[in-house]
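The values are calculated or read from the model by the stated rules, or taken from the named source; none is laboratory data. All of these numbers come straight from a predicted model, not from anything done at the bench. Positions of Cβ are backbone-derived with ideal geometry, glycine not excepted, and every protein chain shown enters the neighbour counts. Ligands, DNA and RNA are stripped out before the accessible areas are found, and what is left, the full protein with its side chains, is counted by its heavy atoms. Shrake-Rupley method; radii C 1.70, N 1.55, O 1.52, S 1.80 Å.
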Amino acid sequence: MSTIIKGGTLVTESDSFKADVVINGGIIAAIGRNFTPDPGTEVVDARGKFVMPGGIDAHVHFQLPFCGTVSSDDFENGTKAAACGGVTTIIDYAIQVKGRPVMEAVENRRAEAEGKVCIDYSLHAGMTDWNEKSPRDMERLVEYGIPTIKMFMIYKAQGWMADDYMLYSALEETAKCGAMIELHAESVFVMEGLIERYHKDYRRLGAWGHALSRPSFVEEEAVQRAIKWAEVTGGRVYIVHMSAGASANAVKAGQERGVNVYAETCPQYLLLDESVFKRKDGHLYATCPQIKKKEDSARLWQGVINGDVSLITTDTCTFNKKQKARWGGDFTKIPYGLPGVENMVPLMYTYGVGKKRFSLNRFVQLVSANPARLHGLYPRKGTLNIGSDADLVVFDPGSKFTIRPGRLQTNCDWSPYDGWKLTGYPAMTFSRGRLVARSGKFVGTVGAGKFVARAPWGSIEGRIKR
Ligand SMILES: [Zn+2]
């Protein structure tokens, strides 16, 4: 069961150099030159290609019941799509049903994933209750291998919302037990008021009503408030799917004061802008938070380049055209979400490295090393170390790929990037040493992925690299 990947250029967040990689038992066993392979060793020719640690998408929602339907990529097809796009680990969510134990949500979600996942996965735990038992629940999650707790500042009706005191109390606990709050930050009262205001005119506004009702300050204000609670408690907060330029300013200011605040953004916030909502099919692009203005994208790119944004994720929550059609012209009824995991790595390569916005090493840091480090997976994943899991991508920088929904593994019948031309695409994806995708086609084994317990904050070497 050994493989040698020969002749490629190894790329990590810090180095690029020519070397061969020997994989044994799913682990990187050796890195060097001029190995003589044992008989029976599979030899992979990586000449002219990059060999990089597999992408890590720390924000996906497979088979999520949401907005009256269920997201159409399940754990099986979603992880197949991930593998095709050079992603070797995904982190999904287990959201507590209010009044029920959070651990029950974790076990239920694991039961849904087991036997279906084709690459390794982990879960964030969504806590929707806070009472005298909750600090112990958080500790238990950390011990279990789930050091990231999702909280929402919105979704009152779904019973998911954390009010400010709950968030404050949870942040106090994170400082004690090595956990981090992953936060959906939007300002609930103003947002709901604006939704109600624009809903009066929904027939005329169409999908544009979605953009009008959630201006950038709706996110920015919530981000500022969360940073304040993190600052006074000494807790750790991580802003998911950051979509507004002003939020990046707030994160930067917080980081400069020494607050433990981190942020992810997603390709849709970098590559698209709110003009999509004026298109005939604008409702397809509705996601939450929604895609903002050109100047927001520009500020987010700046953050991706200079470190205010630590990593890229996708917030994949796939709804096909038929599901999206449920809106019937009412922007408040659109199933919110976009496909994404399959194109994250190549999009960031083409528009980041290809457009000379950042280096090849920063690219690996954004899609692999930093997601691993922030989520307690590093250095088991996110790098090419001897002893690390052999989760790697042989990336062909010269390969041309035009995005067409029919060419992708995702169950989505449309793509936000339909017709976009990419240069650079994963040629091969390995998950713990097994070939799982070749030239965008899944060739792995259904159910071979494993749940990965993650390490608490503070137990791993090195903080986030800016
Ligand atoms: Zn999400």
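For this structure, a couple of remarks:
- Nearest-0.05 FRET efficiency for Ser14 and Asp45, computed from C-beta distance (R0 25 Å): 0.45
- Computed [θ] at 222 nm, helices only, for the chain once each DSSP H run of length n ≥ 4 contributes -39500 (n - 2.57): -8500 deg cm²/dmol
- Gain on full stretching of the segment that runs from Thr69 to Asn108 - 0.36 nm per residue minus C-alpha separation: 12.2 nm
- Taking the protein heavy atoms of segment 54-374 in the context of the full set of protein chains, the accessible area attributed to carbon and sulfur is 51 percent at 1.4 Å.
- Filter on Lys150/Lys324; Lys18/Lys49; Lys278/Lys400 - keep pairs with C-alpha separation over 20 Å: Lys150/Lys324; Lys278/Lys400
- The packing ranking, built from the mean of other Cβ atoms within 10 Å per residue, places the peptides 75-88, 4-17 in the order 75-88, 4-17, highest first.
- Beta bridges from DSSP with both residues in segment 1-134: antiparallel share about 45 percent, rounded to the nearest 5.
- Distance from segment 165-204 to segment 40-57 (C-alpha centre basis), Å: 41
- Over the chain, Cα pairs under 8 Å with separation of 6+ residues give a relative contact order of 22 percent.
- Cα-Cα pairs of segment 54-374 separated by more than 27 Å (percent): 40
- The residues of the chain expose, per residue, 36 Å² of accessible area to a 1.4 Å probe.
- Take the Cβ atoms of Asn34 and Lys176, set R0 to 41 Å, and the FRET efficiency comes out at 0.20.
- The slack in the chain from Asn385 to Ala298, taken as 0.36 nm per residue of separation less the alpha-carbon distance, amounts to 27.9 nm.
- Peptide ranges 197-208, 333-344, 63-74 listed from the most packed, as the mean C-beta count within 10 angstrom indicates: 333-344, 63-74, 197-208
- Ranked by the mean number of other Cβ atoms within 10 Å of their residues, highest first, the peptides 409-419, 264-274, 239-249, 50-60 come out as 50-60, 239-249, 264-274, 409-419.
- Amide proton proximity set for Thr314, modelled H, under 5 Å, gap of 5+: Ala58, His59
- Extension reserve of the Lys322-Glu132 stretch, reckoned as 0.36 nm per residue once the Cα distance is removed: 64.0 nm
- For segment 222-243 versus segment 278-316, the inter-centroid distance based on Cα atoms is 19 Å.
- For segment 418-460 and segment 84-151, distance of Cα centres in Å: 20
- Projecting the Cα positions of Phe401, Leu300, Trp229 onto the charge dipole of the chain (unit charges on Cβ atoms of Lys, Arg, Asp and Glu, taken about the Cα centre) puts Phe401 furthest along the positive direction.
- Antiparallel content of DSSP bridges confined to the chain, in %, to 5: 50
- Cross-link reach list, lysines versus Lys322, counting only Cα pairs under 18 Å and skipping chain neighbours closer than eight places: Lys280, Lys333
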